[in-house]
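The values are calculated or read from the model by the stated rules, or taken from the named source; none is laboratory data. As the structure is a prediction and not an experimental result, all values here were calculated from the model. Heads up, the Cβs are rebuilt from the backbone with ideal geometry, glycines too, and the neighbour counts pull from every protein chain shown.
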Amino acid sequence: MVIVDTTVWIDYLGGVANKETAWLEHALPRERLGLTDMILSEVLQGIRDESDFKRVRDDLMKFQIFAAGGSDLAIAAALNYRTLRQRGFAIRKTIDCWIATFCLLSGHKLLHRDRDFDAFEKVLRLQVIHSRKRFQSASPREYLPNRRQAQARLS
């Protein structure tokens with residue numbers, strides 16, 4: 001299972017063409033993809049239009065949504081944060097500690113565009129999707145020409 005981070009969903013829904021959104025576009029019909037409840041919340045918080053909110057909510061709910069909380073995960077995330085801090089890495093967002101720790105404990109890979117996860121990969125061996133190539137396309141714009149088309153592709 002690949003957990004898709006908020007950073008990639010925001011780019012994808014916003015029509016941003018990059019290696020991660022290209023990988024997501026290619027993987028949608030081929031890979032088992034999921035997200036955590038916190039990722040779902042972050043993505044939905046950024047949507048201003050009510051009809052877009054409902055459409056994206058309904059589309060994202062088609063993926064497996066993992067409840068990523070509780071005291072065990074909280075303690076493990078705090079321990080990971082402390083380990084990384086002792087090694088000289090400053091993680092900017094607590095939610096990234098939770099998402100990375102959830103993936104580590106669950107054995108899931110992570111697709112992201114956030115440097116906070118780099119330390120988890122380097123020190124704690126978080127499995128991360130690295131798209132080294134662009135998938136077949138005439139141009140990057142062809143993947144995600146606009147947000148409405150990107151949202152329609154989730155359906």
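So G107 passes all but one of these: (1) surrounded by 14 or more Cβ atoms within 10 Å (Cβ to Cβ); (2) under 17 Å from L35 (Cβ atoms); (3) small (G, A, S). Which condition number does it fail?
All conditions pass for G107, except number (1).
Go through L79, L110, L73, L126 for me and flag whichever is assigned to a strand (DSSP E or B) and at pLDDT 95 or above. Spell out how you get there, then give the answer.
Numbers: L79 fails: assigned to a strand (DSSP E or B); L73 fails: assigned to a strand (DSSP E or B); L126 fails: assigned to a strand (DSSP E or B).
Criteria check complete, one pass: L110.
Taking region 129-150 on its own, how many of its residues are of a type outside the set (A, V, I, L, M), surrounded by 17 or more Cβ atoms within 10 Å (Cβ to Cβ) and either under 16 Å from the mean Cα position of the chain (by Cα) or modelled with pLDDT of 55 or more (or both)?
Residues flagged as of a type outside the set (A, V, I, L, M), surrounded by 17 or more Cβ atoms within 10 Å (Cβ to Cβ) and either under 16 Å from the mean Cα position of the chain (by Cα) or modelled with pLDDT of 55 or more (or both) within region 129-150 amount to 0.
Scan E31, E42 and give me the residue that is modelled with pLDDT under 95 and not hydroxyl-bearing (S, T, Y).
Working: E42 fails: modelled with pLDDT under 95.
E31 is the lone residue from the list that is modelled with pLDDT under 95 and not hydroxyl-bearing (S, T, Y).
Matching residues to (1) hydroxyl-bearing (S, T, Y); (2) more than 17 Å from Q127 (Cα to Cα); (3) in contact (Cβ under 8 Å) with a residue 12 or more places away in the chain:
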| position | (1), (2), (3) |
| --- | --- |
| G14 | no, yes, yes |
| N18 | no, yes, yes |
| H26 | no, yes, yes |
| T36 | yes, no, yes |
| I39 | no, yes, yes |
| G69 | no, yes, yes |
| I95 | no, yes, yes |
| A100 | no, no, yes |
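Restricting to region 32-80, name every residue that is acidic (D, E) and closer than 20 Å to C97 by Cα.
Initially, region 32-80 is screened for residues acidic (D, E), giving 37, 42, 49-50, 52, 58-59, 72.
Of everything in region 32-80, those that are acidic (D, E) and closer than 20 Å to C97 by Cα turn out to be D37, E42, D72.
Considering only residues that are crowded, with 17+ Cβ neighbours inside 10 Å and farther than 17 Å from Q64 by Cβ, which ones fall in region 1-18?
Pass one, region 1-18, residues crowded, with 17+ Cβ neighbours inside 10 Å: 2-9, 11-13, 15-18.
Across region 1-18, the qualifying residues are T7, D11, Y12, L13, G15, V16, A17, N18.
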